[in-house]
Structures are given as C-alpha cells and as structure tokens.
C-alpha cells in the first residue's frame with residue numbers, strides 16, 4: 001500500500017492547504033478542511049484524505065509521536081521501551097522519556113502524549129464518515145472506506161483510553177457556532193470508551209475485506225479489526241479485574257464485568273485463529289534465525305497489520321524511519337548507537353531450552369571464566385534473536401562489550417591497551433552489556449549521517465501479529481478458567497521458539513511468555529499497567545552485566561552490575577501513574593476536563 005501512499009500523500013497535504021485556519025476546542029484543527037466539490041467527487045482525493053488518517057496515526061509505529069521529522073523527537077518509537085523494565089535509554093539522543101522513569105509523571109505531562117494528534121485524526125475521520133456516504137461512488141467502495149475510517153478512529157480512541165482513562169468521545173464533526181457546552185466536551189466513562197472501541201471493531205469486522213491486493217496491502221482488514229478487539233477487550237478485562245473505579249467511573253470498570261471483556265477478547269482471538277489466514281512464522285530450521293527474520297520479512301504469514309516503511313528518504317516523501325540508526329551497535333554516523341540498553345533482568349526472563357530458569361547469580365558467576373557459548377548457548381533461541389552482546393556477530397565482526405583486561409599477572413587494566421589489545425571493547429562500557437537485535441537490519445549502513453542515512457530503515461513495524469493473538473487467547477482463556485485451552489495456545493508459541501513445552505500453566509507463566517515473545521514491540525509497559533503491577537516492577541533499580549577479558553585464556557570474567565539506573569534518582573512509579581495526567585494546559589482550555597487523581 002505504501003507505493004500508493006507515497007503517490008497520494010502529496011495530495012493529502014495539498015488538501016490541507018485548501019483549508020481554513022479555524023480551530024475548535026478539542027483538536028485545534030480546521031473544521032472545514034476540504035471544500036465539498038473538490039474532494040467528495042474525486043475518489044483519489046477521498047483516498048488521500050483517508051491516507052491522512054493512517055499517516056497521522058503515528059502511534060502505529062511503537063507509540064511514536066513522530067519518526068520522520070528532524071524538528072521533533074524522531075526517536076520516540078523507543079520511549080515505550082525505556083519507561084518499562086525492558087531497557088534503559090543510554091543514547092546521546094535519549095530525549096525526555098527517561099526522566100519520567102526516574103522523576104515520575106507530573107501534572108505537566110509530557111510522557112508519550114497522545115491527545116491533540118488523535119483528535120485531529122478523529123475529526124478528519126468523522127468528516128469522512130459523515131460525508132462519504134452521500135458521494136456519488138460505488139456503494140462497496142464507500143462502505144469499505146468508511147469502515148477503514150472507523151477502524152482508524154477506534155484505534156486512536158483505544159490508544160487514548162489506555163493512557164488517560166475516560167476521554168471525550170466525539171463521533172461527529174463539531175462546528176464553531178455550537179454552544180460552549182457542546183464544544184467544551186466532558187470526559188466519558190472509561191467503560192464507555194472501551195465499549196465504543198469494541199463495538200466499532202466488531203461491526204467493521206463484518207464489512208472490511210479479508211485481504212487486499214498487493215497494491216493496497218496495509219489497509220485495515222477484517223482481521224486487523226478483530227485483532228484490535230482482541231487486544232482492547234483484554235485490556236478492559238484486566239482494568240476491571242485489577243483496577244479500581246475512580247471519579248465515578250471516568251476511571252475504572254466494574255469488577256463484575258471483567259469476564260465479559262475476557263470473553264470478548266477470547267472470541268475475537270478465536271475468530272482469527274479459526275480463519276486459518278495466519279500462522280506462526282516458521283521458515284528454516286534455525287529457531288533463532290527464524291524468529292529474527294519474522295521482523296525483517298515483509299508481509300509474512302504471521303503479520304495481521306503493519307505500518308509499512310520502504311527505507312526511502314523522508315525529505316522527498318519517502319517512508320523510512322530511524323530505527324536502525326539509533327538501535328544499532330556502536331557506532332553510527334553520529335558516534336552513537338545502542339539506544340536501548342536491555343536490563344539483565346529482562347535477559348534473565350528468557351529460560352534455557354530445557355525450561356530451566358534463566359536467572360544468573362553472583363555465586364554461579366564468581367571464580368569462573370566463561371565463553372559466550374557456555375554462558376548463553378543453551379538459552380531460549382528468542383534470546384539470540386532479540387539481543388546482541390559480547391561476541392555477537394554483526395556485519396562481519398564480533399561485537400566487544402568487555403570492560404577491562406585481566407593481565408597475565410592477574411592485575412586488572414581498564415585504560416589504554418595491553419600487549420596490543422585494547423582494554424575496552426568497541427561497545428560503550430557504561431551500557432548494560434546488551435543491545436536490542438530485534439528488528440535490526442544488518443544490511444543497512446548506519447555510518448551515513450545524512451537524512452537518508454538516518455531515516456533509511458525499511459522494516460515494517462508489526463502492529464498486530466498472530467503470536468500476540470495466541471497470547472491474548474491464552475490469557476483470556478486462563479482468566480475464564482479454561483486452563484487447558486490456555487496451555488495449548490501458549491505451547492504453540494514455545495514450540496515455534498524452540499523451547500520445551502509446559503506441562504502446567506499459571507498467570508505468571510503467561511505473563512513471562514508475553515514478556516519474552518513480545519519484547520520491544522510496545523507491549524510490556526502497558527501490560528504492567530493493566531495488571532496493576534507497574535508500582536512493583538517499574539520502581540526497581542535494575543542491573544546489567546560486565547565482561548572482563550582474561551588475556552591468557554581469551555575467556556571472560558562475568559559479574560553483575562548493580563543499580564545501573566543510578567543511585568541518586570532511581571526509577572519510581574506511583575499508584576496514580578496508572579493514568580496519565582490530563583495536564584494543566586488542557587484543563588485550563590476546557591474546564592470540563594476533570595483532572596485525574598493524584599496530579600496537583
């Protein structure tokens with residue numbers, strides 16, 4: 001679809017140029033952007049307008065506010081990783097995300113905000129939903145495009161409600177001459193927003209096609225709508241079960257309704273599973289290579305919906321993004337790299353292939369020299385596809401994370417060199433000892449500091465994939481007391497991964513499987529929030545690992561680096577942070593937007 005998107009994105013911006021500069025309360029965007037005679041009689045312009053909804057929903061790419069604009073934080077796709085317990089942000093271009101992990105959220109907001117941008121998209125989709133049915137086009141065309149607009153609108157509302165709780169639910173185009181009580185919309189109940197998302201997703205799943213031709217691949221399908229329902233209903237069920245009602249239901253859902261949402265998630269997941277349209281990606285016998293290629297192979301059998309990127313220069317209308325440039329091993333063209341430094345605790349969540357826990361202890365590490373095969377060789381193959389570390393092969397070389405050399409006389413050197421060998425490896429010694437390999441394209445040259453080099457990544461970002469659907473099904477089934485069905489679904493994931501099947505299941509097993517299977521795909525942070533576990537897991541000062549090269553044996557001393565987040569301002573997640581603040585700026589603009597509790 002991006003071939004077509006690239007051709008009509010220019011039309012979309014021409015359309016915006018035709019509009020006025022009037023503003024409404026919620027989204028600060030023109031109300032009458034497109035003159036009726038210009039657009040609603042031209043199918044290409046209608047498509048361009050709809051494309052604007054896809055393009056404007058930048059959170060399709062791992063919660064990104066913007067990923068192709070040098071004047072904004074174009075590395076915001078990393079923020080959701082860095083505020084979780086997956087990784088710390090150690091790039092020179094880490095932006096503002098990490099401060100929210102250590103200083104907490106305040107009433108000023110600023111963490112992964114998704115308010116003004118979605119209301120702009122929602123307004124334009126409302127416009128299309130209202131106007132297109134009256135246009136003189138084929139009924140099938142109008143129905144499909146309206147269903148796509150409803151998908152984009154519902155997706156944006158889901159990404160708002162999981163941040164803020166209840167938000168104003170605007171499903172029509174507002175006009176400036178309406179009374180203030182209409183324009184100054186109050187917040188809906190959290191349940192109302194979730195119910196809207198779910199009802200829309202299920203309704204349009206009966207309208208949208210099962211698939212598209214190659215030229216239109218990337219548009220929302222029936223299965224993208226079902227996947228949205230699968231995920232959103234699981235979130236709503238968790239909030240009902242583990243959360244609490246506040247502000248008379250603006251936040252929270254009645255606990256008695258939890259199973260109803262779990263049942264909706266289960267049903268949507270099962271519809272995808274029963275369709276046989278998607279399967280776990282399994283190409284080749286090497287399990288680690290297979291899992292790595294899942295994220296590099298476009299349009300593979302596991303992908304339900306993805307944000308497409310073609311690697312072209314954004315300055316000339318291309319669709320590249322900056323993922324490789326900042327996530328790659330050190331150095332890139334700006335003498336940077338390893339934006340996300342995974343914590344040791346994240347790495348330890350990966351079991352060994354025989355099912356043994358992956359936990360390392362000081363007792364097992366002390367007094368022994370290790371090769372990387374001895375240390376990591378029997379780990380879950382997903383470990384090798386998700387992380388790079390000491391001796392990982394990358395672009396024809398072995399990466400060197402070691403920090404110090406043990407000389408032949410037993411002394412430790414940490415500066416200079418020893419007998420022609422540098423005392424520190426080529427990766428930053430202040431990191432955690434790991435980088436993120438998932439999604440990295442080893443063929444890309446990251447030494448180019450130009451715009452094309454920065455924004456030249458071409459991997460599609462997978463929004464919904466079959467692996468998540470199996471995990472959603474397993475969790476919903478377990479919550480409903482269907483442990484046998486949950487176990488079968490979870491073991492499909494483990495079998496594909498190349499790790500021993502489980503003989504029994506519990507919620508902790510399900511949660512850990514989500515953690516390792518979906519690592520760095522934007523799920524972990526929100527999972528901890530909906531389970532109401534973030535206060536425990538996101539208030540820990542987490543660890544890294546240190547390698548010291550033993551010059552004589554060429555093996556490594558391995559030790560645990562404690563408190564890699566620093567001792568002065570360790571991470572903190574407080575109870576009221578389960579909802580983002582509406583912020584002073586927004587409540588000042590609209591006094592009907594009551595602030596979330598705990599923000600002063």
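The values are calculated or read from the model by the stated rules, or taken from the named source; none is laboratory data. Here the structure is a predicted model, which means the values were calculated and not measured. When we count neighbours, we look across all protein chains shown, and the Cβ atoms used for this are built from the backbone with ideal geometry, even at glycine.
When the residues of the range 206-249 are narrowed to those that are without any contact (Cβ under 8 Å) to a residue 40 or more places away in the chain and in contact with a helix residue (DSSP H, G or I) (Cβ under 9 Å, 6 or more places away or on another chain), which ends up nearest to residue 266 (Cα to Cα)? Step by step, filter the range 206-249, then rank; the result is 229.
In this structure, is residue 313 farther than 27 Å from residue 470 by Cα and out of contact with any strand residue (DSSP E or B) (no Cβ under 9 Å at 6 or more places or on another chain)? So residue 313 fits the description; yes. With surrounded by fewer than 16 Cβ atoms within 10 Å (Cβ to Cβ) and assigned by TED's automatic domain parsing to the domain that holds residue 372 as the only criterion, which of 546, 552 stands out? When all the criteria are applied, what remains is 552.
Does the range 560-575 hold any residues that are closer than 30 Å to residue 188 by Cα and surrounded by fewer than 15 Cβ atoms within 10 Å (Cβ to Cβ), and which are they?
So in the range 560-575, the residues closer than 30 Å to residue 188 by Cα come out as 572-575.
574, 575, listed by residue number.
Only one entry in 302, 348, 257 is farther than 28 Å from residue 54 by Cβ and either touching a helix residue (DSSP H, G or I) at 6+ places or on another chain (Cβ under 8 Å) or in the same structural domain as residue 509 (by TED's automatic domain parsing) (or both), namely 257. Of all the residues in the range 401-427, those that are assigned to a loop (DSSP other than H, G, I, E, B) and either modelled with pLDDT of 95 or more or surrounded by fewer than 20 Cβ atoms within 10 Å (Cβ to Cβ) (or both) number 16.
Residue-by-condition table, conditions (1) modelled with pLDDT under 50; (2) surrounded by 18 or more Cβ atoms within 10 Å (Cβ to Cβ); (3) outside the structural domain of residue 217 (by TED's automatic domain parsing); (4) within 22 Å of the chain's Cα centre (by Cα):
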{"site": "3", "(1), (2), (3), (4)": "no, no, yes, no"}
{"site": "13", "(1), (2), (3), (4)": "yes, no, yes, no"}
{"site": "52", "(1), (2), (3), (4)": "no, yes, yes, yes"}
{"site": "61", "(1), (2), (3), (4)": "no, yes, yes, yes"}
{"site": "85", "(1), (2), (3), (4)": "no, yes, yes, yes"}
{"site": "97", "(1), (2), (3), (4)": "no, yes, yes, yes"}
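Residues that are part of a loop (DSSP other than H, G, I, E, B), at pLDDT below 95 and either surrounded by fewer than 22 Cβ atoms within 10 Å (Cβ to Cβ) or out of contact with any helix residue (DSSP H, G or I) (no Cβ under 9 Å at 6 or more places or on another chain) (or both): does the range 431-439 have at least one? Within the range 431-439, one or more residues are part of a loop (DSSP other than H, G, I, E, B), at pLDDT below 95 and either surrounded by fewer than 22 Cβ atoms within 10 Å (Cβ to Cβ) or out of contact with any helix residue (DSSP H, G or I) (no Cβ under 9 Å at 6 or more places or on another chain) (or both). Can you give me the number of residues within the range 368-399 that are over 23 Å from residue 521 (Cβ atoms) and either surrounded by fewer than 18 Cβ atoms within 10 Å (Cβ to Cβ) or in contact with a helix residue (DSSP H, G or I) (Cβ under 8 Å, 6 or more places away or on another chain) (or both)? Selection size over the range 368-399: 16.
Selection within the range 440-460: residues that are in a loop (DSSP other than H, G, I, E, B) and in contact with a strand residue (DSSP E or B) (Cβ under 7 Å, 6 or more places away or on another chain). The member of this set that is farthest from residue 400 (Cα to Cα) is 460. Note on the range 283-302: residues that are within 17 Å of residue 492 (Cα to Cα) and surrounded by 15 or more Cβ atoms within 10 Å (Cβ to Cβ) total 7. Working only within the range 353-376, note down all residues that are in a loop (DSSP other than H, G, I, E, B), modelled with pLDDT of 95 or more and closer than 30 Å to residue 491 by Cβ. Matches in the range 353-376: 353, 354, 355, 356, 357, 358, 359, 360. For the range 208-327, the helices (runs of 4 or more DSSP H) that sit wholly inside it and include 2 or more residues that are modelled with pLDDT of 95 or more and farther than 22 Å from residue 386 by Cβ are 222-242, 258-275.
Checked against the criteria, residue 338 counts as within 18 Å of the chain's Cα centre (by Cα) and assigned to a loop (DSSP other than H, G, I, E, B).
Look at (1) touching a helix residue (DSSP H, G or I) at 6+ places or on another chain (Cβ under 8 Å); (2) closer than 29 Å to residue 582 by Cβ; (3) surrounded by 17 or more Cβ atoms within 10 Å (Cβ to Cβ); (4) in contact (Cβ under 8 Å) with a residue 40 or more places away in the chain and you find that residue 172 fails only one, number (3).
Yes or no: residue 66 at pLDDT below 90 and not in a helix (DSSP H, G or I)? So residue 66 fits the description; yes.
Here the condition is being modelled with pLDDT under 95, surrounded by fewer than 24 Cβ atoms within 10 Å (Cβ to Cβ) and not in a loop (DSSP other than H, G, I, E, B); of 200, 192, 178, 182, it holds for 182 alone.
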